[in-house]
Structure formats: C-alpha cells, structure tokens
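Everything below concerns the one structure shown next.
Laboratory data are not the source of any read-out in this text; all were calculated from the coordinates shown. What you see is a predicted model, and the numbers here were worked out from it, not measured in a lab. Don't worry about glycine lacking a Cβ; one is built from the backbone with ideal geometry, like all the others, and counts go over all protein chains shown.
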Number of protein chains: 2
Amino acid sequence: MLSRPDRLLSALDLARRVEANEITPEAIVDLCAAAIAAREDDVGAFTYLDIAGARKLAREDARRLAAAPLRGLPVGLKDIYDTYDMPTEYGSAAYKGHQPAGDAAPVTMLRRAGAVILGKTVTTEFAHQQTGKTRNPHNLEHTPGGSSSGSAAAVAAGMVPIATGSQTAGSVIRPAAFCGVAAFKPSYKLLPTIGMKCYAWSLDTVGLYGAGVADVAFATAAMSGRDLRVDRASPSAPRVALMHTHIWAEASADMQNAVTTAARALERAGASVKDATLPPLLEDAWRAHKTIMLHEAARSYAFEYDHKRDLLGPKTRDMLEEANKIGVDAYDDARRIAKRARLALADLMGEFDVILTPSAPGAAPHGISATGLAIFNLLWTLMGTPCVNVPGLSDSAGMPLGVQIVGRFGRDRAALEAALFTEQALAQGS
Amino acid sequence: MLSRPDRLLSALDLARRVEANEITPEAIVDLCAAAIAAREDDVGAFTYLDIAGARKLAREDARRLAAAPLRGLPVGLKDIYDTYDMPTEYGSAAYKGHQPAGDAAPVTMLRRAGAVILGKTVTTEFAHQQTGKTRNPHNLEHTPGGSSSGSAAAVAAGMVPIATGSQTAGSVIRPAAFCGVAAFKPSYKLLPTIGMKCYAWSLDTVGLYGAGVADVAFATAAMSGRDLRVDRASPSAPRVALMHTHIWAEASADMQNAVTTAARALERAGASVKDATLPPLLEDAWRAHKTIMLHEAARSYAFEYDHKRDLLGPKTRDMLEEANKIGVDAYDDARRIAKRARLALADLMGEFDVILTPSAPGAAPHGISATGLAIFNLLWTLMGTPCVNVPGLSDSAGMPLGVQIVGRFGRDRAALEAALFTEQALAQGS
C-alpha cells in the first residue's frame with residue numbers, strides 16, 4: 001500500500017521539465033507556494049519562509065538557474081544550517097531571531113548548484129529531542145519524527161522537492177520513514193557540516209530528503225559534483241544482507257512485516273538476500289554511540305549550557321546534564337570500540353553490497369511531544385556508512401513504514417542504486 | 001644559545017605561585033599588562049584587548065579562578081576562535097567588527113578551566129597566508145610566522161602565559177619555532193574545533209602556545225581534563241627516529257645543525273636515536289596534503305568567495321581560485337593516499353616513540369609580508385599525529401630555531417614527555 005505519492009514533488013521530474021522548457025523555476029516556486037498555502041497551517045514544517053524572495057530570484061535569475069545542475073529547484077533547509085539572508089534559530093529560544101553572518105558550506109553548495117532557498121524548516125532544539133510545532137502530514141496527531149522534523153514533513157506534504165536534514169543518531173532516516181519520503185545520509189564527511197550547528201563532531205552528517213530514491217541521489221549529485229545519479233540506467237541486483245540486529249524484538253509487527261516484504265520483493269526482482277547477524281563488536285558499538293554523542297555534545301553546547309541554560313528546553317538541559325558526566329576515559333574507550341567495529345563491519349561487508357534493516361521501530365508514534373526512537377539508526381551513523389530510507393510501504397492505518405538500505409563506507413552510489421532497486425521492487429510487488 | 005627565556009611567562013610557574021598564595025590572578029593580569037604596554041606597539045600581537053575586563057574578572061572572581069585548573073591564567077585567543085564577548089574578525093576585512101553569538105568550544109573549555117581571556121591575537125586572513133600586523137619579538141624586521149602569528153608572538157614577548165593557535169598546514173608549530181616558544185598540536189580531534197573558522201575540516205587542529213613544553217602540557221591538560229601533565233616526574237628516555245625526510249635539503253644549514261645538536265643532546269641524555277627514512281607512501285601523502293586542504297577550503301570559504309570576494313586579500317583570493325579547480329576525484333585519491341599513509345606511519349612507529357625533525361626550514365625569514373613555509377609540518381597535520389615545537393636553540397644572529405617532536409597518533413602524553421626530555425637535554429647541553 002503506497003502512501004500518497006501523488007502529493008510529492010519529484011526533484012528529478014521537475015528538473016527534467018525545466019530542461020525541456022515545460023516549466024520555469026518561478027512556476028515551480030508557485031507549486032510549492034500552493035502546497036504551503038494548503039497545508040502549512042496544519043503541518044507547521046517551516047520556521048521561516050521567503051516565498052516572495054524565492055519567486056523573485058527564480059524569475060530574475062531564471063536563465064542561470066535553469067542551466068545549473070539543480071535547475072532552480074526550491075529547497076527547504078533545516079534550521080541548523082546557517083543562512084546569511086534568513087534567521088537561523090537552531091530550534092532554540094536561546095537563538096530567537098539569530099542572524100548568522102554567512103551560509104553553511106552545504107547551503108552555498110546548493111545555491112551554486114542552482115537551488116532556490118525557500119525557507120528554514122523546523123528542527124528540534126539543537127537537533128536533539130525538544131520538539132517543535134511540526135506534525136506528520138499523513139496524520140496530524142502523529143510525530144513527523146526528529147530532529148529534521150520540518151524537512152521530512154515539508155517534502156511529504158509536497159511543499160518542496162528537496163530539503164536538508166542532519167543526523168547524529170537517527171535524525172535523517174527516521175523522519176523520512178515516518179513521513180513516507182526518501183532520505184539519503186551519505187558517508188561521513190562526504191558533504192561538509194561547516195556552518196551547521198554542531199551536536200557531535202564525530203557523528204553529525206548532512207542528509208537530503210526527496211520524493212524518491214532517484215530524487216535524493218540527483219540532488220546530492222548536483223550539490224556535490226559527484227557521480228551519484230542513479231536515474232540514467234536500471235540499477236543492478238544487489239547482494240543484500242538481511243540484518244535483523246539484536247534489537248529486532250523492538251520493531252513492531254508491522255515493521256517486521258515490512259522488512260520481510262522488502263526482502264521478498266528484492267529476491268523476486270533478482271537480488272540475493274541472505275540473513276546476516278550483527279557481530280558482537282557492532283553491538284558494543286551500538287552501545288558506545290551514546291557515550292560519544294553525549295561527550296561531544298557537552299563540548300559543542302558548552303557555551304549554551306553555561307550562558308543560556310534557562311532558555312533551553314528541559315529535554316536539552318537534561319541531555320546536557322547527563323553529557324557533563326561522561327569523562328574522557330569512557331569517551332576514549334567508546335571511540336576505540338567504534339574504530340574496531342568499523343573494521344569488523346568492513347570485513348562482514350566483503351560478501352554484501354548493502355544491508356536491509358528497519359528505518360525505525362515502526363510507524364510514526366502518536367503525539368508530537370516526542371520524535372520516536374533512533375535505535376535502528378545510531379549504529380550506522382557511528383559507522384559512517386551511507387544510509388537510505390526507502391519509502392513505499394505503510395501499516396494498516398495507512399501510516400508510512402520505511403525500510404533502510406545501509407551501504408559500505410564510501411560506496412555511496414552503490415547504496416543509492418540498491419535503494420532504488422528496492423524501491424522499484426516494492427512498487428512492482430504492490 | 002637560548003633565546004631570551006627570561007621574558008617569558010611560564011604558565012606552570014604562575015599556576016604554582018597562585019596555588020601557594022604568592023600571587024593573585026589579578027596580579028598576573030598586571031604582569032601581562034606591563035609586557036603589553038612595553039612591547040605591543042612594536043610587536044602588534046593583538047587585534048583586540050580587554051585588559052580592564054580581564055582585571056575585573058580576575059579580581060571579582062579570584063577565589064573561583066584560583067581553585068580552577070588554570071588558576072586564573074590570562075589567555076590570548078587566535079582571532080579565528082569565536083567569542084561571545086569580543087569581536088572575531090578571522091583576520092579579514094570581510095568580517096570587520098563581526099560579533100559571534102557564542103564562544104567556540106575550546107574557549108568555553110578554557111573559561112571553565114579557569115582561564116581569563118585577555119584578548120584576541122592576530123591571525124592571517126582565514127588562517128591562510130595574507131599577513132597581519134604582527135612582528136617577531138626577537139627581531140621586528142622578521143615574520144613571527146603564521147597563521148597563528150599573534151599568539152606565538154604574544155607568548156614570546158611575555159604578554160600572556162598561554163595562547164591558542166590552529167594548524168591546517170604548519171600554523172601552530174612554525175610560528176612557535178620562529179618566535180622561540182613551545183607549542184603543542186595534539187592528535188587530530190583531541191580538542192574540538194567547533195566555533196573556530198574552518199579552513200579544512202580534515203586538517204584543522206587546535207594548538208596551544210606556552211613558554212616551555214611543560215607549560216603547554218599543563219594548559220592542554222587543564223582545559224581538556226586529560227592526563228597530559230609532564231611536570232610531575234622526570235620524563236623517561238624516548239626511542240627517537242631521526243627523520244631528515246625527503247626535503248632535508250630545504251632546511252638551512254643552521255636548522256640542519258640544530259636537529260643534529262638535538263639528536264646528540266638526546267643521545268647524551270640517554271635516549272636512543274636512530275636514523276629513519278620517510279617511506280615513499282608518506283612522501284605521496286606529503287604531496288596529497290595540498291589537494292585535501294584546498295578542496296576543503298573551496299567549500300569552507302565558499303560563502304566568502306561568492307559574497308565577499310572584493311574584501312579578501314589577494315593571497316586568499318588566489319588560494320580560493322586555485323582551490324576551486326580541484327575536483328572530487330583528485331580529492332578522493334588524496335584522501336585514500338592519506339589513509340594508507342597513516343597505516344604505514346603506524347607501522348614505522350612500532351619501533352619508535354617519536355620522530356625528531358625540523359619545525360621549519362630555518363629561522364624566521366626577513367620581512368613581515370610572508371610567513372615562511374609549512375613544508376616540515378603539513379605531513380604531520382595530515383597524519384593527525386601530535387607535534388611539539390621544542391624551543392631552546394638559535395642561529396648565529398640570535399634568532400630562535402625550533403626542533404619538532406612528532407608522536408604517535410593518540411599518544412599525546414608520550415609526545416609531550418619526549419619533547420620535555422628533548423628540551424631538558426638541550427638545556428643541559430648549552
């Protein structure tokens with residue numbers, strides 16, 4: 001059961017129509033504006049919008065934009081990406097009205113590639129768990145996930161074809177799964193995080209949202225200048241490790257079914273799918289993630305803790321209180337475990353192209369004061385491997401379910417190809 | 001021939017005197033103020049000073065500061081470290097009067113450890129090569145080195161006991177060598193770079209300046225909470241690899257003599273010193289450094305290139321023009337070389353504790369419009385290994401010469417111990 005794909009704006013489709021002179025960048029801004037007018041009051045994806053500015057740029061710079069890799073496509077930026085021309089509040093009352101002096105590096109890369117920045121999307125405070133106003137477009141009573149809440153919801157509501165997120169635990173993949181859109185978290189440091197509010201420097205990774213896998217591949221290729229597009233040929237059949245992991249019991253029955261459905265669809269489409277067990281060292285790394293994240297967060301957010309504590313939400317304060325207790329020895333131990341685990345994972349992946357595993361424990365939970373769990377994401381963030389949320393499945397209530405394709409470090413294109421293969425296999429099976 | 005050690009403020013000595021109630025934090029600010037009054041007009045180490053604020057804090061907060069690890073010691077911050085209470089201009093007309101919203105992570109770590117921030121020190125523009133006003137305290141006609149020009153000069157002129165720098169090629173170690181002070185560049189990511197203006201994210205490393213090796217070890221230990229002090233016991237004799245490297249011929253005769261002198265002093269003091277050749281893979285890595293640095297700089301400084309180009313100095317503009325030409329394939333190749341070279345270096349270092357090699361091609365060159373060459377530093381920055389400039393030698397004109405101790409990745413304390421051993425061996429031999 002596919003979740004409302006008709007409402008999404010496909011970046012690749014729009015770019016092709018610009019190439020064919022069938023649509024102008026300005027008309028695409030209008031498409032976004034119409035969706036925003038229809039849904040933003042309910043969904044609350046944006047913390048700042050400049051539709052007039054986007055329309056003006058798209059009109060006045062139409063020729064340059066149409067010739068650039070991104071063809072003038074509108075983009076929503078998670079509000080932890082600094083922008084010189086829009087306020088950047090990091091989801092925090094401590095930065096109300098804050099105006100950075102410059103753009104984050106990925107923002108300039110997007111602008112150079114021909115993006116039109118439409119606005120800033122809601123993030124949880126400092127990309128942790130203190131939620132914002134955003135609701136899941138598929139059911140307003142449910143969370144869109146976090147921390148990239150607004151970006152996933154904006155793409156899911158057809159408000160923008162592309163949006164950026166960031167992942168320190170599960171903040172790119174999980175919201176995509178909950179909102180029924182594709183998301184790509186590239187290999188660690190494939191895209192720079194300079195000018196983004198830092199949570200944990202060993203983990204923070206840029207991510208992109210789009211309607212489908214080929215869309216996020218197209219957008220990442222365009223902004224990075226890397227050969228990552230997967231829309232120009234049929235993807236070849238991948239060798240898939242079906243990885244239930246040690247926390248399989250934490251996945252809902254619907255999610256377990258979704259992963260099984262994806263595995264069967266992959267096999268039917270010609271992929272090899274073999275069960276694989278998570279090596280014990282990777283279970284250790286799974287546990288080590290939190291130590292690394294918190295130790296670094298205690299330093300990244302040290303200024304805010306010391307100078308703006310009263311303005312922080314209780315979840316942010318509690319996290320930093322806990323973070324302040326983690327000493328350097330525990331941190332160094334955790335880093336050593338992570339390093340060994342990366343080698344063990346590379347060994348395991350000698351036989352496989354990708355891993356198939358849940359994107360989240362299930363569909364988006366009810367309520368918007370919590371964003372769900374990152375337990376199926378955080379290990380891969382720590383390993384630095386490329387991850388893709390493949391949309392296309394849903395539960396009995398019609399809420400999206402995402403399955404996750406995890407690639408080998410530095411093999412981002414192969415991960416995207418396998419994810420596209422999975423997406424197509426699911427579409428054929430439905 | 002030692003270069004004027006009498007004028008330096010030893011952090012460790014001052015901290016001990018605070019512990020013994022022999023001096024107050026406020027009186028230490030006065031010592032700094034006196035040196036600044038005497039020399040700053042000539043040396044030009046600072047771009048912003050707040051002596052009154054420092055004195056006020058040292059007086060009003062004397063008890064807390066005296067009990068904190070850094071004992072209220074005044075610190076100078078390279079002006080690429082964001083500060084919420086002082087302007088931060090990154091050495092660039094493009095950021096004239098820029099006031100960040102918060103502190104860089106290392107700044108909060110220093111404040112928490114009981115530092116009193118005295119001011120911001122001169123950096124070359126964006127930590128590249130466009131020079132500022134600073135002159136070498138040992139001879140005002142000579143460069144202090146760069147990019148951490150003001151920090152090295154401020155410590156050398158006795159204006160502060162501790163100053164921070166950053167190294168992307170040779171910007172911590174080289175100025176220390178030219179100015180005759182100790183400097184420590186820890187292992188990559190031992191200290192966070194969050195809130196510092198990013199040049200190249202794979203390379204940027206925090207560094208500290210002090211009068212001697214034990215001083216920089218003390219300061220780094222205090223701010224990081226790590227067991228890095230080397231002043232509590234005599235350092236044991238290290239196993240030293242005497243590494244002339246493939247660019248030995250680029251070292252001046254004086255520098256070659258200085259390295260030979262250090263090697264003999266080490267042997268006399270009981271260290272084992274063996275000649276070691278730089279493996280070819282590390283020569284490749286030496287060449288790869290520039291590709292990585294420039295490719296990343298093109299993205300780190302993309303906003304400034306696109307929006308503030310006319311305000312940048314010609315050397316910065318030229319660097320970015322060159323940087324824009326380096327594609328992703330060359331970058332990926334360079335990163336693969338670096339990764340393999342790190343493994344080769346780890347192999348080589350199985351037999352050794354540290355490498356002894358020049359800190360710079362020679363003494364500080366004449367003139368202040370260029371900062372000298374980083375050729376003896378950039379490989380170790382790319383390898384992420386701890387590096388220490390050991391002062392104590394000088395050329396026939398009385399200009400300081402520094403030798404460099406390079407440790408094993410993650411063995412920062414061993415590197416500092418070996419550097420202290422070298423410093424003491426040189427002092428005994430003089």
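Between B:GLN404, B:GLN130, B:GLN99, find the one with the highest GNM mean-square fluctuation for chain B; connect C-alpha pairs within less than 10 Å.
Evaluated over chain B, the most mobile residue of the options is B:GLN99.
Once both labels are modelled 7 Å past Cα along the beta-carbon direction, what's the A:ARG232-B:GLU267 spacing in nm?
For A:ARG232 paired with B:GLU267, the spin-label model returns 6.1 nm.
Could you order peptides A:100-109, A:164-173 by the average number of other Cβ atoms within 10 Å of their residues, highest first?
On the way: A:100-109: 24.3, A:164-173: 30.5.
Ranked from most to least packed, the peptides come out as A:164-173, A:100-109.
Between A:ASP310 and the same site in the other copies, what are the distances in nm, shortest first, taking label points 7 Å from Cα along the C-beta direction?
4.5
Using the Cα gyration tensor of the range A:119-253, with a ≥ b ≥ c the square roots of its eigenvalues, what is the shape: rounded (a/c below 1.5), prolate (a/b larger than b/c) or oblate (neither)?
Rounded is the answer for the range A:119-253, as its axis ratio a/c remains below 1.5.
With Kirkwood's inverse mean 1/r over C-alpha pairs for Rh, give me the Rg to Rh ratio of the range B:33-87, two decimals please.
Values: Rg = 12.7 Å, Rh = 12.8 Å.
In the range B:33-87, Rg relative to Rh is 0.99.
Where does the protein assembly as shown land at 222 nm, in deg cm²/dmol rounded to the nearest 500, when only DSSP H runs of n ≥ 4 count, each adding -39500 (n - 2.57), divided by all residues? Display every interim value, and only then the final one.
Numbers: 30 runs with 354 residues, N = 860.
Calculated from helices alone, the mean residue ellipticity at 222 nm is -12500 deg cm²/dmol.
Could you check what % of the DSSP bridge pairs in the range B:5-237 are antiparallel, to the nearest 5? Present the calculation step by step, with values, prior to reporting the outcome.
Values: 13 of 21 bridges.
Antiparallel: roughly 60 percent of the beta bridges in the range B:5-237.
Over chain A, calculate the relative contact order: mean separation of alpha carbon pairs under 8 Å at least 6 apart, over the residue count, as a percent. Before the final figure, lay out the partial values.
Working: 1074 pairs, mean separation 85.3, N = 430.
This gives 20 percent for chain A.
For peptide A:95-105, how many partner chain Cβ atoms fall within 10 Å of a residue's Cβ, on average?
Numbers: counts 2, 0, 0, 2, 1, 3, 11, 11, 5, 2, 9.
Mean shielding by partner chains, rounded to a whole number: 4.
Using the number of other C-beta atoms within 10 angstrom as an exposure proxy, rank A:TYR48, A:TYR81, A:TYR95 with the fewest first. Let's see the in-between values first.
Values: A:TYR48 17, A:TYR81 29, A:TYR95 23.
Lowest count first: A:TYR48, A:TYR95, A:TYR81.
Take each complete run of DSSP H in chain B, measure how far its Cα atoms stretch along the helix's own axis, and keep only those covering 24 Å or more with mean Kyte-Doolittle hydropathy at least 0.0; list them.
B:25-43, B:412-429
By its C-alpha gyration tensor, with a ≥ b ≥ c as the square roots of the eigenvalues, how is the range B:5-237 shaped: rounded for a/c under 1.5, else prolate for a/b larger than b/c, else oblate?
rounded
Can you pull the one-decimal nm distance between simple spin-label points at A:GLU22 and B:ASP306, each 7 Å off the Cα toward Cβ?
A separation of 2.8 nm, rounded to one decimal place.
Looking at chain B as a GNM with Cα springs under 10 Å, which of B:LEU345, B:LEU242, B:LEU228 has the largest mean-square fluctuation?
Top of the fluctuation ranking is B:LEU345.
Roughly speaking, what is the centre-to-centre gap between the range A:9-86 and the range A:327-378 when only Cα atoms are used, to the nearest Å?
What the calculation gives is 33 Å, centre to centre.
Scan the range A:213-271 for trypsin sites (Lys or Arg not before Pro) in coil per DSSP, keeping those whose Cβ has at most 11 other Cβ atoms within 10 Å, and list them by number.
Values: sites: A:ARG226, A:ARG229, A:ARG232, A:ARG239, A:ARG264, A:ARG268; in loops: A:ARG226, A:ARG229, A:ARG232.
Sparse-neighbourhood loop trypsin sites (Lys or Arg not before Pro): A:ARG232.
Compute the label-point distances linking B:ASP85 to its equivalents in the other copies; points lie 7 Å from Cα along Cα→Cβ; give nm, one decimal, shortest first.
Here B:ASP85 shows inter-copy label distances of 3.7 nm.
Put the label 7 Å from Cα along Cα→Cβ for B:ARG17; what are its distances to the other copies, in nanometres, shortest first?
For B:ARG17, the other copies' label points sit at 7.5 nm, shortest first.
On alpha carbon coordinates alone, what is the Rg over Rh value for chain A, Rh being the Kirkwood radius? It would help to have the intermediate numbers written out before the result.
Details: Rg = 19.9 Å, Rh = 21.0 Å.
Rg/Rh for chain A comes to 0.95.
Where Rh is the Kirkwood radius over the Cα pairs of the protein assembly as shown, the temperature 10 °C and the viscosity 1.306 mPa s, what D in µm²/s does Stokes-Einstein return?
Details: Rh = 27.7 Å.
In µm²/s, the coefficient rounds to 57.
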